[in-house]
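The values are calculated or read from the model by the stated rules, or taken from the named source; none is laboratory data. Only a predicted model underlies this, so the values are computations on that prediction, with no experimental measurement involved. Quick reminder, even Gly has a Cβ in these numbers, built from the backbone with ideal geometry, and neighbours come from all protein chains shown. Note: areas computed on protein heavy atoms with side chains; ligands, DNA, RNA excluded. Shrake-Rupley method; radii C 1.70, N 1.55, O 1.52, S 1.80 Å.
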Amino acid sequence: MKQNYFSITSQRKHETTFKLNFAMRVLTVFACCCMALPVTGQQRRTLTPQKRKTTVSQPKKTSFEFYVYENATFKKTGDTSYYVVDMGKKSAHQLYTDVLSHISSIFENPDRVISKVDGRSIVINGYADKISYFKDIDGYSNSVSFKYRIKLQFKDGKIRVNAPDLPEIYTSSAWGDRKLSSYPTKYIGYLFGGATAAMKKDIDKYINAVITAIVYGSKDDEW
């Protein structure tokens, strides 16, 4: 009997000890998890990229709107005949070299179309071939081509874009090619009158697109 009693008591003590050890292990694991959670959260916050706020404002892109008139010169709305383009904090020399780079990507032979004063000004003398079409007084279809001149000047943080002009305008039809200056005066008025408003819009669109590409670069250069 004593042996049986002793055996039962030992078994109960063993079970109690096992339960206590198990409970301690559970508490230990739980405590470790609680201690690890703040560290894990801190690591996650460190790894998450933070958006930086900046107070430096980017210059607004200028939308050029030059319009051709009957005397083959361009004007714009407002008090001036030119645009002054805000280019941020870039130096005059940097703006000058940027524009030269843009011109090189736009024209096949850039050295043939520009004249320049180093770091100060650039003049572009280009040619636009068959930019628009119109019907003449006799009802014949004509294409319009022209030479154009655009001058840019540079200072720190800004570019002045002067109103372009068209030194020579040409029309081409089944009757041959003609230079605008060879037309009668009243016929020149017809070319830039209301009857050919669509042609004028095409010329405006072309010139303003060329100026935008020269100042800001062409999208075709992105790669």
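Computed values, structure above
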quantity: Pair list, Cβ under 7 Å, 6 or more apart: region 156-177 residue farther than 18 Å from Y127 by Cα and among the β-branched types (V, I, T), other residue assigned to a strand (DSSP E or B) and open to solvent by less than 40 Å² (accessible area, probe 1.4 Å); calculated: I159/V85; I159/L152; V161/Y83; V161/V85; V161/L152
quantity: Selection status of I124, touching a Pro at 6+ places or on another chain (Cβ under 7 Å) and at pLDDT 90 or above; calculated: no
quantity: Within region 126-174, strands (runs of 3 or more DSSP E) holding 2 or more residues that are open to solvent by 20 Å² or more (accessible area, probe 1.4 Å) and on the phi > 0 side of the Ramachandran plot; calculated: none
quantity: Residue identified as in contact with a Gly (Cβ under 8 Å, 6 or more places away or on another chain) and either open to solvent by less than 90 Å² (accessible area, probe 1.4 Å) or at pLDDT below 60 (or both) among S63, S81, S101, S115; calculated: S101
quantity: Any hit, region 85-104, residues being closer than 30 Å to G176 by Cα, out of contact with any Cys (no Cβ under 8 Å at 6 or more places or on another chain) and outside any loop (DSSP other than H, G, I, E, B); calculated: no
quantity: Meets criteria (charged (D, E, K, R), exposed (fewer than 14 other Cβ atoms within 10 Å of the Cβ), in a helix (DSSP H, G or I) and at pLDDT below 95) for R44; calculated: yes
quantity: Matching option when the condition is under 17 Å from S145 (Cα atoms) and at pLDDT 90 or above, among V210, V161; calculated: V210
quantity: The lone exception for T77 - which of (1) closer than 18 Å to K205 by Cα; (2) assigned to a strand (DSSP E or B) it fails; calculated: (2)
